[in-house]
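Trainee: First the structure, then my questions, so here it is.
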Amino acid sequence: MKKVLLAEDNEDMVELIKLVLGESGYELVVAADGEEAVRLSHELNPDLILMDIRIPKKDGFTATRELRSGGFEKPIVILTGSEKQEDRDQAAEAGCNDYILKTMDMKEVKDVLDRYLAEAGGGLE
């Protein structure tokens with residue numbers, strides 16, 4: 001089973017992502033802040049990270065840069081409510097693979113995950 005780490009501090013969003021991923025057969029691990037996301041990434045080596053930008057202790061950009069500088073090469077996808085171009089640019093500079101909005105159809109979240117995880121190892125196991 002593919003493992004997805006969600007770095008998100010909004011409980012409602014966590015529950016929504018759990019619903020989306022639960023139906024898809026992915027294992028979901030949740031980190032409530034950026035420090036926990038980095039720690040869990042090192043411990044669990046997830047197949048993909050969904051990273052909110054504005055999370056406590058270490059924002060998503062900082063956490064992503066730290067992961068990339070530490071050798072984490074798997075997809076990191078920003079999942080945010082921010083439509084600002086400067087946030088998109090900063091995400092790309094930090095090493096994120098994609099940028100999707102929380103305000104969109106949640107089917108798009110599943111589609112993005114399926115695409116990246118299939119590229120990483122043949123899809124769902």
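The values are calculated or read from the model by the stated rules, or taken from the named source; none is laboratory data. Bear in mind the structure is a predicted one, so any value in this text is a computation, not a measurement. Cβ: placed from backbone, ideal geometry, glycine included. Neighbour counts: every protein chain shown. Accessible surface areas use protein heavy atoms only, side chains included; no ligands, DNA or RNA. Shrake-Rupley method; radii C 1.70, N 1.55, O 1.52, S 1.80 Å.
Trainee: For labels at Leu16 and Ser69 in the simple 7 Å Cα→Cβ model, what's the distance in nm?
Mentor: 3.2
Trainee: Continuing with this model, one more query. Solvent-accessible area per residue for the chain at a 1.4 Å probe radius, Å²?
Mentor: Per-residue accessible area for the chain comes out at 49 Å².
Trainee: Check cross-link reach from Lys2 to the aspartates and glutamates: straight Cα distance under 17 Å, and skip same-chain residues fewer than eight apart.
Mentor: Glu23, Glu27, Glu43, Asp47, Glu73, Asp111, Asp114, Glu119, Glu125
Trainee: Which of the lysines could a cross-linker span from Lys107 if the Cα-Cα distance has to be under 17 Å and same-chain partners fewer than 8 positions apart are dropped?
Mentor: Partners found: Lys18.
Trainee: Could you pull out every residue, at least 5 positions away or on a different chain, whose amide H is within less than 5 Å of the one on Val30? Hs are placed 1.01 Å off N in the peptide plane, and Pro or chain starts have none.
Mentor: For Val30, whose amide H was placed from the backbone, the distant partners under 5 Å are Leu6.
Trainee: Now a separate question. So if we plug the beta-carbon distance of Leu44 and Ala92 into 1/(1 + (r/R0)^6) with R0 = 30 Å, what FRET efficiency do we get, rounded to 0.05? Don't jump to the answer; show the numbers that get you there.
Mentor: Working: r = 25 Å, r/R0 = 0.84.
Given R0 = 30 Å and the Cβ-Cβ separation, E is 0.75.
Trainee: What lysines does Lys84 reach when the alpha-carbon gap must be under 21 Å and sequence neighbours fewer than 8 apart in one chain are set aside?
Mentor: In chain and number order, the partners are Lys58, Lys102.
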